[in-house]
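Just below is one structure, and these are the notes that go with it.
The values are calculated or read from the model by the stated rules, or taken from the named source; none is laboratory data. Note that this is a predicted model, so its numbers are computed, not measured. With ideal geometry, Cβ positions are generated from the backbone for all residues, glycine too; neighbour counts draw on all protein chains shown. Remember, those area values only see protein heavy atoms, side chains included, never the ligands or the DNA or RNA. Shrake-Rupley method; radii C 1.70, N 1.55, O 1.52, S 1.80 Å.
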Amino acid sequence: MKKILPIKNLREEIKIPGDKSISHRAVMLASLADTPVEIENFLAGADCLSTISCMKKMGVDIQIGEKILVTGNGLFGLREPSDILDAGNSGTTLRLLLGLTAPQNFLVTFTGDSSLRQRPMARVIKPLTEMGASIFGRNDNKNLPITVLKPEKKLRGITYKMPVASAQVKSAIILAALYAENPTTIIEPYPSRNHTEKMLQAFDANIQTVGNEIKIFPAEKLTAPEKIIVPGDISSAAYWLVLATILKNSCVIIKNVGINETRTGIIDILKKMGAQIEILNAQESGGELFADLKVTSSKLRGVEFGGEMIPRLIDEIPALAVAAAFAEGDTIINDVGELRVKETDRLAAIVEEFNKISPNSFEATENSLKIHGGNKKIFAECKTFADHRMAMSLSIFGAAADGVAIDDSDCVKISYPNFFEFLG
Ligand code: S3P
């Protein structure tokens, strides 16, 4: 059990760790180049270390120091691993690597931890199979362990209409499409995070986005930049954006946060609720925008949203639910069924655990979440279900309320190893 004490205010300049999604992609794409790539501000969290370990087992030289140095063997230089690849807790590692290994001339078997072994993989295996890949999972959901066989022939480019907006599924198809015999088109219901597309453009690949449609042309080689600078993770910044807003007398500056517009839904919704967030010193690197965020205490009101906003803040919904509990009136979040298949069923976890801190405040249907703001908050002992985002959201909830004890604090190392720096 880790106990988080209530705090009165937050007045800090905060440096958050590198973006998790971009760190994964930086290692994967650098591994496909034939010149060395230095990665700065890489997130050395457990998920991204799983990606490094998988790439190393496929023959890529990766040196881990203050910076990461990746020396790949070219687009066609991956080698058959002599052992199973373990993606740990990381859906991004597994789904993107299913796409990357589908066209390779070798066999690979993946496994992962008990959470990842329950998460649905059919959503990735289906389009890859349409492209001609040979991938076998454990049951109808195609759960782990999963084996990818050498395809019978070169993959074919397809046109694929995605049933859900998922950057992991989209990126898996994009990576496979680099090796196909003809172009591939992906149509998303709403735009999801586009880091794979932006980074591939920085590696000189031919990939074009028009509205919700992405077209990928087969590549012969990737031309890598010498250096990739990973911006700070807005999903990690979200905890401080929420906490500084709901605590009185607070003002926080969060340095170098990625503000790619496919990720800034948290800023848009907090502002709609009445938060004061300023974007300062915006800059660009490798196609990704980053800036300092200044956030000041504010009174919040409940709002309703869903649809295309959801992919822009999917990982921040537990933190937003905390903000909503301190707002005046109800907040309704629609179209959030995807939360049921994250590291844990986050809708069920929010209802079960957040109601212990603010009783009778959180209700969910299969696909929506309703939060009654302004109810009384009490000290509670809560479960994280080994989910990093549940652990961090419960921690800021307790810090702004009457304290909390969480059963597992170690899981924050998945995305934010030094998260507890500002919380007692
Ligand atoms: C991610 C995509 C999202 C997100 C996950 C990271 C990525 O998942 O929830 O934490 O890096 O592509 P989905 O693609 O399943 O929506």
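Structure values in brief
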{"quantity": "DSSP beta bridges in region 20-228 [antiparallel fraction, %, rounded to 5]", "calculated": "75 percent"}
{"quantity": "Cα-based convex hull, region 203-302, per residue volume (Å³, whole number)", "calculated": "110 Å³"}
{"quantity": "Out-of-range pairs (alpha-carbon distance over 32 Å; input LYS67/LYS170; LYS15/LYS215; LYS248/LYS356; LYS67/LYS377; LYS170/LYS272; LYS215/LYS294)", "calculated": "LYS15/LYS215; LYS67/LYS377; LYS215/LYS294"}
{"quantity": "From the C-alpha gyration tensor of the chain, square roots of 5λ in Å", "calculated": "36, 22, 20"}
{"quantity": "Percent of Cα-Cα distances greater than 18 Å, calculated over region 1-92", "calculated": "51 percent"}
{"quantity": "5 angstrom amide H check on SER285, placed H, neighbours 5+ away", "calculated": "PHE290"}
{"quantity": "Order by protection proxy (mean Cβ within 10 Å, highest first), peptides 151-161, 378-388, 186-196, 228-238", "calculated": "228-238, 186-196, 378-388, 151-161"}
{"quantity": "Order by protection proxy (mean Cβ within 10 Å, highest first), peptides 341-351, 309-319, 137-147", "calculated": "309-319, 341-351, 137-147"}
{"quantity": "Residue-normalised accessible area of the chain, expressed per residue, 1.4 Å probe, Å²", "calculated": "38 Å²"}
{"quantity": "Vicinal HN-Hα couplings computed from phi for region 195-211 (Karplus, 6.51 cos²θ - 1.76 cosθ + 1.60; Hz; Gly/Pro x)", "calculated": "5, 5, 4, 5, 6, 4, 5, 5, 9, 6, 7, 9, 9, 10, 10, 10, x"}
{"quantity": "Amide H contacts under 5 Å for TYR160, placed H, 5+ residues apart", "calculated": "THR185, ILE186, ILE187"}
{"quantity": "Diffusion coefficient, µm² s⁻¹, Stokes-Einstein with Kirkwood Rh over alpha-carbon pairs of region 293-424 at 37 °C and 0.692 mPa s", "calculated": "221 µm²/s"}
{"quantity": "Carbon/sulfur fraction of accessible area - the chain, other protein chains in place, 1.4 Å, %", "calculated": "48 percent"}
{"quantity": "Rounded to 5, percent antiparallel among DSSP beta bridges of the chain", "calculated": "70 percent"}
{"quantity": "Shape category assigned to region 20-228 from the gyration tensor of Cα positions, a/c cut at 1.5", "calculated": "rounded"}
{"quantity": "Peptides 390-399, 57-66, 353-362 ordered by average Cβ neighbours within 10 Å, highest first", "calculated": "390-399, 353-362, 57-66"}
{"quantity": "For region 308-321, Karplus couplings with θ = phi - 60° (6.51, -1.76, 1.60), whole Hz, Gly/Pro x", "calculated": "6, 5, 4, x, 7, 8, 3, 7, 9, 5, x, 5, 5, 5"}
{"quantity": "Angle in degrees between helix 46-57 and the longest Cα principal axis of the chain, rounded to the nearest 10", "calculated": "10 degrees"}
{"quantity": "Region 125-274 - share of DSSP beta bridges that are antiparallel (%, nearest 5)", "calculated": "75 percent"}
